[in-house]
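A quick write-up on the structure given underneath.
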Amino acid sequence: MSQDIAALVRGAHDAARMGRWDEAEAIWHKVRLADPSNPQALYSLGVHAFQRGDLKGAIELLGEAARVAPTDASIQMSLGVAKRESGDLDGEWDAINAALAADAYFLPALLGKGQFLEHTGRPKAAADVYRNVLRVAPPEARWPEPLRDQLLHAKAAVEAYTDAYSDFLARTLALPRAALSAAVQERWTEAASIMAGRTQPYLSNTNQLNVPRLPAVPFFDRSLFPWAERVEAHTDAIRTELLAALQAQKQAFTPYIEYKPGEPVNQWGDLNHSERWSTYPLWRGGQPVADNLDHCPLTRMALAEAELVEIDGLCPNAMFSALAPHTHIPPHHGETNARIVVHLPLIVPDNCIFRVGFEKREWKVGELMMFDDTIEHEARNDSDELRVVLIFDAWNPLISLEEREMVKAMALAARTFSQI
């Protein structure tokens, strides 16, 4: 580009920035006279023609700009808008695809494709495109302001399609689902949710020791735990000891989350060193907390009924877990899928929810809940009262006795190596 043309281009941009549109258009005509194939001039003159309502002139100028600069996605999209306004839907579709051929991640073109499919009566294809748009777009807080309304529409369209698809699947599958045993019904509810795009599969994600090829089971059937009823039979005695501890040993309930200064707290910022989630430990990292156990002999007796897992330096853990009113434990994952975590609910007001993966359940006093804590899980106490459960570790029932020894050997080897 010559210096004279570059100066004209700068002048046109300056005039446009100051809102002097006629002056900007006149300068672009001068650029075109000096350089008939200048893509900036052709594009800008095409936009000016479009804004005046001259669709024929806009399409000619933008079409020429697209021929000169075929890889400029913005030009292709402007041509597509002009074609749409002129009633040429085939031309609009061709321009959208040309823009995406130039840049497959160009948000205006992806949004334009979704809108085209939506307006031409193809909601599934539109939802698929919008879903991809939301995947490649930045987080919502950083959406480009000129595209915000379109992105909000894309989000709403995906949600509406997902709701419609989910409702259809629920109605269509109700009869075959009802024929299943209660133990597996929730699996197929989740399968339908994944098919509709409402949720993604929840997988085991361990922080330490992972046993590959174990099924990721959110909540285990109690029939796998022959000791469950024996532990539940101690509920009243355990609750009595808990209430005594809350009354006489309140200071022994300490924050569960205790990151040191300088350590990244991630999702735990609100609960770090907070008594809103506090615990009264009975076993910690495989070691008994003697003083607390001495105050809770009946709880210790009840835990002896369970198959507590023993993994060097890691398990068992057992504790009273107290969640203050209006407190949320954010989504997180556990240490190893070789163990499962057991809850014995002791104090459960209304409006308390526990989620493991896809499934949400309510605690019921005296009824054990066995789950895989390496699947994303969270807890809420939206009541005005304290919620307390007894938490302890047990062996994953899908691991054989021989494999338990392998788990112990691996944990010991890892700990030994870390101390070399």
Checklist entry - Using a Gaussian network for the chain with springs between C-alpha atoms less than 10 Å apart, which of these wobbles most: MET406, MET370, MET195? => result MET406
Next on the checklist: Report the rotationally averaged projected area of the stretch 196-270 based on its alpha-carbon convex hull, in square nanometres.
Outcome noted: 10.1 nm²
Checklist entry - Which value, in nm² and rounded to one decimal, describes the direction-averaged projected area of the C-alpha convex hull of the chain? => result 30.5 nm²
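Calculate for the chain the 222 nm mean residue ellipticity that helices alone would give, adding -39,500 (n - 2.57) per DSSP H run of length 4 or more and normalising by residue count, nearest 500 deg cm²/dmol. If you can, show how the numbers build up before the last one.
Values: 15 runs with 206 residues, N = 420.
After summing the helix terms and dividing by the residues of the chain, the value is -15500 deg cm²/dmol.
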Next on the checklist: Cut-off 10 angstrom, C-alpha nodes, Gaussian network model of the chain. Which of ARG387, ARG20, ARG230 fluctuates the most?
Outcome noted: ARG20
Item to check | Helix runs (DSSP H) in the chain reaching 30 Å along axis by Cα, Kyte-Doolittle at least -0.5 | outcome: 148-178
Checklist entry - Got a sec? How would TYR202, TYR280 order by Cβ neighbour count within 10 Å, fewest to most? => result TYR202, TYR280
Next on the checklist: Using alpha carbons only, how many angstrom separate the centre of the stretch 108-157 from the centre of the stretch 1-76?
Outcome noted: 28 Å
Next on the checklist: What's the magnitude of the charge dipole for the chain around its Cα centre, counting Lys and Arg as +1 and Asp and Glu as -1 at the beta-carbon? Answer in Debye, nearest 20.
Outcome noted: 460 debye
Checklist entry - How about the stretch 73-173: which chymotrypsin sites (Phe, Trp or Tyr not before Pro) there lie in a loop by DSSP and see at most 16 other Cβ atoms within 10 Å? => result TYR105
Checklist entry - Does a label point 7 Å from the Cα of HIS328, set along Cα-to-beta-carbon, have any residues of the stretch 344-380 with amide nitrogen under 19 Å, and which are they? => result 350-363, 376-380
Checklist outcome for this item: When the charge dipole of the chain is computed with +1 on Lys and Arg Cβ and -1 on Asp and Glu Cβ about the Cα centre, the Cα farthest towards its positive end, among ILE347, GLN3, SER223, belongs to GLN3
Checklist entry - Along the principal axes of its C-alpha atoms, what lengths does the stretch 3-160 span, in descending order and rounded to whole Å? => result 52, 34, 25
Checklist outcome for this item: Filtering trypsin sites (Lys or Arg not before Pro) in the stretch 334-385 by DSSP loop and by at most 15 other Cβ atoms within 10 Å leaves LYS364
Next on the checklist: Given 20 °C and 1.002 mPa s, compute D for the stretch 222-418 with the Stokes-Einstein relation, Rh being the Kirkwood radius over Cα pairs; round to the nearest whole µm²/s.
Outcome noted: 123 µm²/s
Checklist entry - What lysines could a cross-link reach from LYS56, if we take a straight Cα to Cα line under 30 Å and drop same-chain neighbours fewer than 8 places away? => result LYS30, LYS83, LYS113
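Bear in mind these aren't lab numbers, they're just calculated from the coordinates by the rules spelled out. Source: prediction; values computed, not measured. Counting neighbours? That spans all protein chains shown, and the Cβs are built from the backbone with ideal geometry, glycine included.
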